[in-house]
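The values are calculated or read from the model by the stated rules, or taken from the named source; none is laboratory data. From a predicted model like this one, the values you see are computed outputs, not experimental measurements. As a convention, Cβ positions derive from the backbone with ideal geometry for all residues, glycine included, and neighbour counts pool all protein chains shown.
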Amino acid sequence: MQSTSGWDLNCDLGEGEPWARTRALLRQITSANVACGGHAGDALTMERVVVEAKALAVRLGAHPGVAGAFGRVDVVLSPRQLQTLVLQQVGALDLLARRHGSQLHHIKLHGALYHAVENDDTLGRAYVDAVARWFPKVKIYARAGGRVLTLAAKAGVSAWAEGFIDRAYCANGQLVPRNQNGALLTRAREITERLREWRQTGGWKSLEGSWVAVPARTLCLHGDTPGAVALARTIRKSLR
């Protein structure tokens, strides 16, 4: 599905979900973040999503991660190890994309890595430098208002600010950890209200009740959120 009004809805895919759900989500979103064999996925699942995304004109993105590192857990990686991980995992998806006449549009780190580069300036710089060196034409998807967007701008790397439409926010702009009550939004009414608030104000309420600015260029809906396909349809209809 091509975007017709400048908005972008992305989703993490190839993480072990049923193929029927993967295909259904690809029909509703505009960007796919494909697991690259780190935290999930393998060559076969990657290639399958590449082919389907191309057929549906969905932007193709790499979703590199660390094995076993789901959720907000501590990741112990040196800057060099992080760069090697990015090169290997993103490079693998890039190779498959080229084989099928596609090209990578973006890179979005998975879970623990996504937060690690936001919280550690050294890792953040290493990440941005790796993208600039090996994938200079590929965008970074990173948290709206976060460190990585600033680092990318300084390095001349194109980046899109990301908001999480199905996750609750803390007053400081960070995501509420998944193990806390209210961290995940699963009802269509909640999602619709959040979209309305975001379009009118450029942000939404935090879990504590204060307003949080979310100047996002792309919105994320997680593929493992209960009712994700129906929620994706709701979001698509509301945004268009």
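A compact table of results
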read-out	value
Selected residue (criterion: nearest to residue 168 (Cα to Cα)) from residues of segment 198-240 that are surrounded by 15 or more Cβ atoms within 10 Å (Cβ to Cβ) and polar (S, T, N, Q)	206
Flag for residue 231 being closer than 22 Å to residue 59 by Cα, modelled with pLDDT of 95 or more and not in a helix (DSSP H, G or I)	no
Residue ID - modelled with the highest pLDDT, chosen from residues in segment 175-228 that are within 18 Å of the chain's Cα centre (by Cα) and charged (D, E, K, R)	217
Unmet requirement for residue 41, which otherwise passes all of (1) part of a loop (DSSP other than H, G, I, E, B); (2) touching an Asp or Glu at 6+ places or on another chain (Cβ under 6 Å)	(2)
Of residues in segment 11-41 being without any contact (Cβ under 8 Å) to a residue 60 or more places away in the chain and touching a Cys at 6+ places or on another chain (Cβ under 9 Å), the one nearest to residue 130 (Cα to Cα)	32
Pair list, Cβ under 6 Å, 6 or more apart: segment 45-67 residue touching a residue at least 60 places away in the same chain (Cβ under 8 Å) and within 13 Å of residue 106 (Cα to Cα), other residue basic (Lys, Arg) and not in a strand (DSSP E or B)	61/108
Residue that is at positive phi, hydrophobic (A, V, I, L, M, F, W, C) and either more than 14 Å from the chain's Cα centre (by Cα) or part of a loop (DSSP other than H, G, I, E, B) (or both), where the choices are 20, 53, 24, 57	57
Residues of segment 78-100 that turn out to be crowded, with 19+ Cβ neighbours inside 10 Å and under 20 Å from residue 115 (Cα atoms), as a count	6
Helices (runs of 4 or more DSSP H) completely within segment 115-206 that count 3 or more residues being within 24 Å of residue 223 (Cβ to Cβ) and touching a residue at least 12 places away in the same chain (Cβ under 8 Å)	188-201
Any hit, segment 122-136, residues being closer than 22 Å to residue 163 by Cβ, touching a Cys at 6+ places or on another chain (Cβ under 8 Å) and either modelled with pLDDT under 95 or not basic (Lys, Arg) (or both)	no
Members of segment 27-50 that are closer than 18 Å to residue 231 by Cα and within 14 Å of the chain's Cα centre (by Cα)	29, 30, 31, 32, 33
Subset tally (residues that are assigned to a helix (DSSP H, G or I), under 19 Å from the mean Cα position of the chain (by Cα) and under 15 Å from residue 121 (Cα atoms)) for segment 72-97	2
Hits in segment 168-197 - residues which are under 23 Å from residue 237 (Cβ atoms) and surrounded by fewer than 20 Cβ atoms within 10 Å (Cβ to Cβ)	184, 185, 186, 187, 188, 189, 190, 192, 193, 195, 196, 197
